[in-house]
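The values are calculated or read from the model by the stated rules, or taken from the named source; none is laboratory data. Only a predicted model underlies this, so the values are computations on that prediction, with no experimental measurement involved. Cβ atoms come from the backbone with ideal geometry, glycine included; neighbour counts cover every protein chain shown. Remember, those area values only see protein heavy atoms, side chains included, never the ligands or the DNA or RNA. Shrake-Rupley method; radii C 1.70, N 1.55, O 1.52, S 1.80 Å.
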Amino acid sequence: MHEWWDRDAPAFAFVRSSRTVTSGETAFMRSIIRFVLILVLALALLAWGTWHVVTDMTQGWFARDIALRTKLAVSGMRHSLVRLWPDASSDMPEGDPAAIRDLLDALTHDERILAAAACSIDGTLVAVTDDYPAVISCEELLAAARSAGADGGWGDVAREIEHQGGPLHVSAIPLVQTMRGPLAAEKRAVDEIAGVDDASQPGARTLGVVILVHDLAFALRREQRVQTIILGGFVVLAAAASIATIVAARLAWRGWTSEVVRFLRGGGQRREFQPILRDVRELIERIGAERALDADGGAWTPARLKHTLTQHLHGERVIMLANREPYVHNRTSDGSITVLHPASGLVTAMEPVMRACSGVWVAHGSGSADRETVDAHQRVRVPPGEESYEIRRVWLTPDQERGYYYGFSNEGLWPLCHIADARPTFRHEDWEHYQRVNRLFADAVCDEAQRDGGGTEDPIIFVQDYHFALAPKMIRERLPKATIITFWHIPWPNSERFGICPWAPQLLEGLLGSSIVGFHTQLHCNNFLDAVDRLLEARIDREHFAVHQGGRSALVRPYPISIEWPNRWAQEVPAAPICRASVLDELGLPADALLGVGVDRLDYTKGIEERLLAVERLLERLPEFVGRFRFIQLGAPSRTEIDRYRRLNESVAAIADRINERFRSGSYRPILFLRAHHEPATVFRFLRAADVCYVSSLHDGMNLVAKEFVAARDDERGVLVLSHFTGASRELTDALIVNPYDLEEASDAIAAALRMPVAEQQARMRSMRAIVTEFNVYRWAGRMLTDAAQLRMRQRLLATR
Ligand code: F6P
């Protein structure tokens with residue numbers, strides 16, 4: 001089954017066939033049935049509640065009814081009973097039990113009174129009717145009545161008991177003899193009106209109790225009748241409500257689908273359906289456009305990337321956030337201003353994307369003439385001479401740069417994410433700077449999105465690299481609808497290692513402000529998800545690689561980065577033989593020299609020391625190369641404020657000197673360490689001149705030098721020796737893949753490269769060039785934009801539900 005994030009999933013499947021309409025109806029009816037079940041359940045609860053209330057109420061009424069009837073029956077015949085009652089102090093000490101029995105029999109003529117009895121004050125049974133149950137004890141009820149009054153004296157007793165014939169209600173009413181004479185009669189009349197008990201009257205005397213037994217089966221029958229009525233009412237109501245709901249839903253569905261079908265066939269639309277049909281039309285058009293684009297296929301080019309941006313995201317420009325600016329303006333010693341292209345894989349990849357898309361690149365203004373070259377809004381149009389986008393420069397104080405860039409980013413996160421010889425250092429003051437600088441850049445991005453008081457509420461923002469882990473969330477707070485695509489250019493460590501960072505959860509939260517978080521490899525995506533799992537409260541969808549948190553979702557996907565193709569520098573630099581001749585000439589080397597080349601920022605993750613040691617091992621083991629093979633290392637100084645980098649510079653120079661000393665002869669020196677910034681044209685010239693290029697990174701997210709070497713070799717010559725620990729080794733499988741720590745293996749590979757027949761070189765290079773042609777940086781950006789477009793579409797659909 002397709003899911004919405006599947007690249008090939010149809011976004012609005014129901015427009016495709018009648019079968020999908022039917023399955024849509026089934027799904028719709030299923031939700032209606034769910035609703036009906038809930039409705040029936042609610043009605044059942046209501047009936048159950050009503051049943052309880054009514055039962056309690058009728059039982060209360062019945063109890064009060066019995067009490068009243070009992071009271072009335074006994075008080076109606078009280079004078080007769082008193083007169084006939086056994087009384088030792090009267091002239092009839094035995095009383096008249098037969099006459100009392102007649103009175104009691106008269107009481108049982110009421111169909112609800114089953115039996116009656118009269119008990120004297122000493123607990124003996126004076127008279128009893130025929131059906132009186134023997135289990136009802138005279139003594140026990142007398143004793144209970146003796147203390148049942150409100151003041152602890154005589155009072156009425158009422159009980160329910162179970163008997164063979166069913167439940168019985170038993171009541172015992174004290175028989176009280178009051179004063180005699182006209183005065184007493186008058187007082188009794190007054191008391192009766194005031195509700196005063198006989199027993200509380202002066203001179204009153206209790207003679208015993210009268211017991212009445214009521215049949216409760218009557219009450220039960222009444223209760224059952226009420227329950228039957230409630231149950232019947234519930235069944236009728238539930239059935240009627242369910243049928244009405246289902247009929248109404250079916251009619252609504254039919255009306256809706258026939259309206260959509262009519263619309264798809266080009267018929268008119270009813271006014272109430274117009275807004276939603278407008279959305280349907282828009283979606284169909286977009287899906288069609290995307291299909292056409294995919295069917296169109298072909299190579300990813302700047303034009304195709306721009307088309308993706310405008311057609312799929314309705315974007316005219318993008319906002320790029322990256323610490324390093326693509327063009328640095330520097331003042332030279334002669335007073336002029338030069339433009340430098342920084343040695344940065346990030347710049348190599350993103351600059352062509354910006355040229356294709358246009359927009360603004362928000363970056364740290366780090367050049368000595370940067371301030372002089374911006375306008376009043378801190379912007380400068382680039383590339384010089386062929387302006388197509390802008391750089392918006394953000395200025396940092398030396399303290400900010402030290403804390404955010406050198407400190408937290410490059411002494412903390414960089415070693416944290418790379419398995420190389422350096423421990424991460426985390427300082428609280430660096431973290432403070434990192435947060436403040438991220439806010440500064442995030443604000444600049446939002447200002448650019450809303451520039452000139454306009455802009456869109458859903459701009460497309462690319463956030464680059466580990467310098468800005470917090471920025472996506474900060475941007476999201478100001479621009480909730482923005483499409484934020486964040487790309488992490490370096491490896492993501494396993495979750496245990498990532499947990500070393502004291503602010504690991506904040507970094508994850510920050511990144512999850514993105515719409516998409518991209519890494520070079522699936523392994524890094526998995527590591528990221530593991531870290532989220534371990535450190536945050538979030539739902540992880542491992543099937544579709546998404547994180548859901550606080551009502552938002554972020555996709556986590558691999559997008560292996562690449563370079564522009566065709567490559568601008570490869571086109572500008574002369575053909576391979578000319579490059580070779582110029583390099584040999586520049587370095588004073590003989591025409592038959594075998595050349596190896598390495599190009600890097602001077603960074604300890606690049607394995608430059610191991611590279612030189614592999615060359616040494618080669619010369620040690622294979623003397624045939626001594627005097628012929630030279631390795632040229634172009635090393636751009638980088639992050640030299642950091643001690644570990646200063647030590648690396650010294651160490652590389654020392655190793656080069658030692659090896660040169662060991663193998664020197666005449667003018668021959670095997671290592672040429674050219675420590676300086678080299679412009680891309682120079683780099684390409686060296687790459688094109690070399691017999692072998694060795695990329696020996698100890699850990700590298702991708703490594704674009706490897707791909708640049710392939711781009712430079714339009715002569716299909718030269719061999720790439722590539723570290724297994726680079727992302728590039730997953731794609732460039734026709735390179736000689738080595739473990740740079742294994743000097744035997746690496747030196748073997750260099751030797752094999754130098755001896756490789758031309759035909760094999762060509763075959764390998766052709767295959768690698770085909771890969772980079774296809775998987776170029778426009779495809780990289782285009783895939784992210786397409787995924788972002790699908791995400792937007794999905795979010796719009798959800799918002800309209
Ligand atoms: O590898 C990550 C990365 O951002 C590269 O893209 C770039 O080459 C380098 O680090 C940045 O170096 P710098 O610190 O000089 O900007």
Legend entry - So residue 456, is it more than 16 Å from the ligand (Cβ to nearest atom), at pLDDT below 95 and among the hydroxyl-bearing types (Ser, Thr, Tyr): yes
Inset, instruction - Test residue 690 against the criterion of being without any contact (Cβ under 8 Å) to a residue 40 or more places away in the chain and either open to solvent by 40 Å² or more (accessible area, probe 1.4 Å) or in contact with a strand residue (DSSP E or B) (Cβ under 9 Å, 6 or more places away or on another chain) (or both), and give yes or no. - result: no
Legend entry - Residue match in the range 438-451 (condition: buried (at least 21 other Cβ atoms within 10 Å of the Cβ) and either within 16 Å of the ligand (Cβ to nearest atom) or of a type in the set (Ser, Thr, Tyr) (or both)): yes
Inset, instruction - Could you figure out which of (1) within 16 Å of the ligand (Cβ to nearest atom); (2) surrounded by fewer than 16 Cβ atoms within 10 Å (Cβ to Cβ) isn't true of residue 352? - result: (2)
Inset, instruction - Determine whether residue 747 is within 16 Å of the ligand (Cβ to nearest atom) and open to solvent by less than 20 Å² (accessible area, probe 1.4 Å). - result: no
Inset, instruction - Sort out which residues of the range 618-632 are assigned to a loop (DSSP other than H, G, I, E, B) and touching a residue at least 40 places away in the same chain (Cβ under 8 Å), and write them in order of number. - result: 622, 626, 627
Inset, instruction - Give the range 122-174 a look and list any residue that's of a type in the set (A, V, I, L, M), open to solvent by less than 70 Å² (accessible area, probe 1.4 Å) and farther than 19 Å from residue 214 by Cα, or say none. - result: 126, 143, 148
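Results for (1) closer than 26 Å to residue 580 by Cβ; (2) basic (Lys, Arg); (3) under 42 Å from the mean Cα position of the chain (by Cα); (4) open to solvent by 10 Å² or more (accessible area, probe 1.4 Å), shown as yes or no for each residue.
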{"position": "709", "(1), (2), (3), (4)": "yes, no, yes, no"}
{"position": "717", "(1), (2), (3), (4)": "yes, yes, no, yes"}
{"position": "722", "(1), (2), (3), (4)": "yes, no, yes, no"}
{"position": "732", "(1), (2), (3), (4)": "yes, no, yes, no"}
{"position": "766", "(1), (2), (3), (4)": "yes, yes, no, yes"}
{"position": "781", "(1), (2), (3), (4)": "no, no, yes, no"}
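Of all residues in the range 466-489, how many are open to solvent by 10 Å² or more (accessible area, probe 1.4 Å) and part of a loop (DSSP other than H, G, I, E, B)? Spell out the reasoning first.
Applying the first criterion (open to solvent by 10 Å² or more (accessible area, probe 1.4 Å)) to the range 466-489 yields 467, 470, 473-474, 476-478, 480-481, 489.
Cutting the leftovers down to part of a loop (DSSP other than H, G, I, E, B) gives us 470, 480-481, 489.
Going through the range 466-489 one residue at a time, the tally reaches 4.
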Legend entry - the range 335-346 residues that are in contact (Cβ under 8 Å) with a residue 12 or more places away in the chain and in a loop (DSSP other than H, G, I, E, B), paired with ones that are of a type in the set (Phe, Trp, Tyr) and away from the ligand (no atom under 12 Å from the Cβ) (beta carbon under 8 Å, 6 or more apart): 341/327
Inset, instruction - Give the residue that is nearest to the ligand (Cβ to nearest atom), with candidates limited to residues of the range 318-334 that are surrounded by fewer than 18 Cβ atoms within 10 Å (Cβ to Cβ) and touching a residue at least 12 places away in the same chain (Cβ under 8 Å). - result: 330
Legend entry - Residue count for the range 107-138, restricted to those that are at pLDDT 85 or above and part of a helix (DSSP H, G or I): 1
Legend entry - Positions within the range 593-617 being β-branched (Val, Ile, Thr), assigned to a helix (DSSP H, G or I) and within 14 Å of the ligand (Cβ to nearest atom), in sequence order: 605
Inset, instruction - For the range 366-391, name all the residues that are within 25 Å of residue 563 (Cα to Cα), within 16 Å of the ligand (Cβ to nearest atom) and open to solvent by less than 10 Å² (accessible area, probe 1.4 Å). - result: 391
Inset, instruction - Being surrounded by fewer than 16 Cβ atoms within 10 Å (Cβ to Cβ) and within 16 Å of the ligand (Cβ to nearest atom) is the filter here, so list the residues in the range 644-665 that pass it. - result: 646
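What strands (runs of 3 or more DSSP E) lie completely within the range 668-727 and have 2 or more residues being more than 13 Å from the ligand (Cβ to nearest atom) and not aliphatic (A, V, I, L, M)?
Working: elements: 671-675, 692-695, 719-723.
Output list reads 671-675, 692-695.
Which of the residues that make up the range 459-472 are touching a strand residue (DSSP E or B) at 6+ places or on another chain (Cβ under 9 Å) and away from the ligand (no atom under 16 Å from the Cβ)? Steps first, please.
Step one: list which residues in the range 459-472 are touching a strand residue (DSSP E or B) at 6+ places or on another chain (Cβ under 9 Å), which gives 459-465, 467-469, 471-472.
Hits for the range 459-472 are 459, 460, 461, 472.
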